[in-house]
């Protein structure tokens, strides 16, 4: 990830969702920016914490909660591969797993 700039796509459905607080909206929109481009998000908790000024423990908790609530799909890191994240977009290809489609989830 370049230190100079970042493309943060703001999806109006995410931004206007009253059930989300601002740190959740920021992280969700960050991951959405990758998913909208058909890419998997590999950004670390430390990077998000540093870039957006959010406590790293809060970042971890937010990602966990967004995953549990069905907003994001998170595949944990394994030996030799980092954690992978994408937004649940029903019927769309999962950019983190070739040939796999995201199941329907209601926001």
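The values are calculated or read from the model by the stated rules, or taken from the named source; none is laboratory data. Everything numeric in this text was worked out from a predicted model, so none of it was measured. When we count neighbours, we look across all protein chains shown, and the Cβ atoms used for this are built from the backbone with ideal geometry, even at glycine.
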Scanning the range 77-92 for residues that are part of a loop (DSSP other than H, G, I, E, B) and surrounded by 14 or more Cβ atoms within 10 Å (Cβ to Cβ), which turns out nearest to the chain's Cα centre (by Cα)?
-> 88
With respect to residue 2, is the statement that it is at pLDDT below 95, over 21 Å from residue 94 (Cβ atoms), in a helix (DSSP H, G or I) and more than 11 Å from the chain's Cα centre (by Cα) true?
-> no
Mind listing just one residue for me: the one in the range 10-24 that is closer than 28 Å to residue 81 by Cβ and surrounded by 18 or more Cβ atoms within 10 Å (Cβ to Cβ) and, of those, farthest from the chain's Cα centre (by Cα)?
-> 14
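I need the helices (runs of 4 or more DSSP H) fully contained in the range 5-76, keeping only those with at least 3 residues that are in contact with a strand residue (DSSP E or B) (Cβ under 8 Å, 6 or more places away or on another chain), closer than 19 Å to residue 96 by Cα and in contact (Cβ under 8 Å) with a residue 24 or more places away in the chain. Break it down into steps so the answer makes sense when it comes.
On the way: elements: 12-15, 22-36, 45-52, 56-68.
In the range 5-76, 22-36 are the helices (runs of 4 or more DSSP H) which contain 3 or more residues that are in contact with a strand residue (DSSP E or B) (Cβ under 8 Å, 6 or more places away or on another chain), closer than 19 Å to residue 96 by Cα and in contact (Cβ under 8 Å) with a residue 24 or more places away in the chain.
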